[in-house]
1. Restricting the first residue to the range A:10-39 and requiring it to be within 14 Å of chain B (Cβ to nearest Cβ) and more than 18 Å from A:E160 (Cβ to Cβ), which pairs with a second residue that is of a type in the set (D, E, K, R) and open to solvent by 20 Å² or more (accessible area, probe 1.4 Å) meet a Cβ separation below 8 Å and a spacing of at least six or different chains?
2. Considering only residues that are free of Cβ contacts under 8 Å to residues at least 40 places away in the same chain and within 26 Å of A:L29 (Cβ to Cβ), which ones fall in the range A:54-91?
3. Would you mention how many residues in the range A:20-41 are out of contact with any helix residue (DSSP H, G or I) (no Cβ under 8 Å at 6 or more places or on another chain) and open to solvent by 20 Å² or more (accessible area, probe 1.4 Å)?
4. Given (1) among the aliphatic types (A, V, I, L, M); (2) within 22 Å of B:E26 (Cβ to Cβ); (3) open to solvent by 70 Å² or more (accessible area, probe 1.4 Å), identify the lone condition not met by B:L127.
5. Quick one: B:G51 ticks every box in (1) within 14 Å of chain A (Cβ to nearest Cβ); (2) crowded, with 23+ Cβ neighbours inside 10 Å bar one, so which box is it?
6. Just give me the residues in the range B:63-91 being in a loop (DSSP other than H, G, I, E, B) and either open to solvent by 10 Å² or more (accessible area, probe 1.4 Å) or facing another protein chain (nearest Cβ under 9 Å) (or both), in sequence order.
7. Looking at (1) open to solvent by 40 Å² or more (accessible area, probe 1.4 Å); (2) closer than 15 Å to B:V79 by Cα; (3) among the polar types (S, T, N, Q); (4) within 14 Å of chain A (Cβ to nearest Cβ), which is the only condition B:T7 fails?
8. Take A:V150 and tell me if it is in contact (Cβ under 8 Å) with a residue 60 or more places away in the chain and surrounded by 15 or more Cβ atoms within 10 Å (Cβ to Cβ).
2 protein chains.
Amino acid sequence: MEHKGFTIWFTGLSGAGKSTLAGLLEKELRSCGMRVEVLDGDVIRTHLSKGLGFSKEDRDTNIRRIGWVCQVLTRNGVVAIAAAISPYRDIRDEVRSHVGNFVEVYMEAPIAVLAERDVKGLYKKALAGEIKNFTGVSDPYEPPLNPEVVCHTDHETVGESLGKIMRVLHQRGYLLDGTGPDPKSFTNP
Amino acid sequence: MEHKGFTIWFTGLSGAGKSTLAGLLEKELRSCGMRVEVLDGDVIRTHLSKGLGFSKEDRDTNIRRIGWVCQVLTRNGVVAIAAAISPYRDIRDEVRSHVGNFVEVYMEAPIAVLAERDVKGLYKKALAGEIKNFTGVSDPYEPPLNPEVVCHTDHETVGESLGKIMRVLHQRGYLLDGTGPDPKSFTNP
């Protein structure tokens, strides 16, 4: 079935749940018969950005590459879901202007909460100074000023977060008529 | 309209007509209502491979990146057309195995003919030793052993070359039923 291409761009600190929610959203949209590709920051670093480090310049290059792939997919009617820290506002906005159909999802969580969860054990190391250029600890993170969706991941279930995103996609006319889930089936924010 | 995703991979020396034929093929397939993206080697070097040079390793990395984008597009029902020298057989075959629906088009032309045409004035410089690692002159080119299509660009019109490709796409069931051009409308090889 034909549907519009668009990009859903998850941004937020490490451990905020970007990849998890991207995976759930992918399933949800696939179940509606949509063509979906997840571009995970870590995976992209293997395929497109091997050799790049974590300076601002290298991070920007990495994000521009993910953005370019999102742009190509979007203009060919595919749903691109990007999940990358993407700490700098100017580069996210640059990607937005190139892509056009762009939904920015800010995965918000206080750093204290993330450090306590510390899923990959990275915050402990970063706070001990063992990892340089760690976003939110020793490297900047610039939250979006006007994201289409904010998920407060410290006091919201993934189902609630997913519901917020689906409602925005529905409102924008990005979901296929009649095939999308009933937006009322998701809890109101 | 839904159609299969596949990749058409043009390989051949600089000036052999890869980009030209890629552009014509793009138009032809678009006119059939297909979603098509051209990945031109030079353009990709700007978007995905800035900083890479022309050593075997860097060339391989560049081709793997183009190949990965082709793979992503193909699995999402888009037609990817790659036009890059892609001099090494092993990397082209690696890309082929990842992509699956893969049509390799070898743009064949004797180097003497290319040097005489010398569209961009590069052969003159390369033969004078002013450009290092110039494929076909001072860097290897490994022709495909079993390409789906060979275009003899020195004694074949672009229309004839295009016809050969369209016939192969038709035979493989890649064209939309009833919307493709009549394969008989192209000159037989």
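The values are calculated or read from the model by the stated rules, or taken from the named source; none is laboratory data. Being a predicted model, the structure only gives us computed values, none of them experimental. Note that we place each Cβ from the backbone using ideal geometry, even for glycine, and neighbour counts take in every protein chain shown. These area figures cover heavy atoms from the full protein model, side chains too; ligands, DNA and RNA do not enter into them. Shrake-Rupley method; radii C 1.70, N 1.55, O 1.52, S 1.80 Å.
1. Filtered contacts from the range A:10-39: A:V36/A:E26; A:V36/A:R30; A:E37/B:R75; A:V38/A:E26.
2. Within the range A:54-91, A:N62, A:I63, A:R64, A:R65, A:I66, A:G67, A:W68, A:V69, A:V72, A:I91 qualify.
3. 7
4. All conditions are met except number (2).
5. Status for B:G51: all satisfied but (2).
6. Matches in the range B:63-91: B:N76, B:G77, B:V78, B:I85, B:Y88.
7. (1)
8. Judged against the criteria, A:V150 is not a match.
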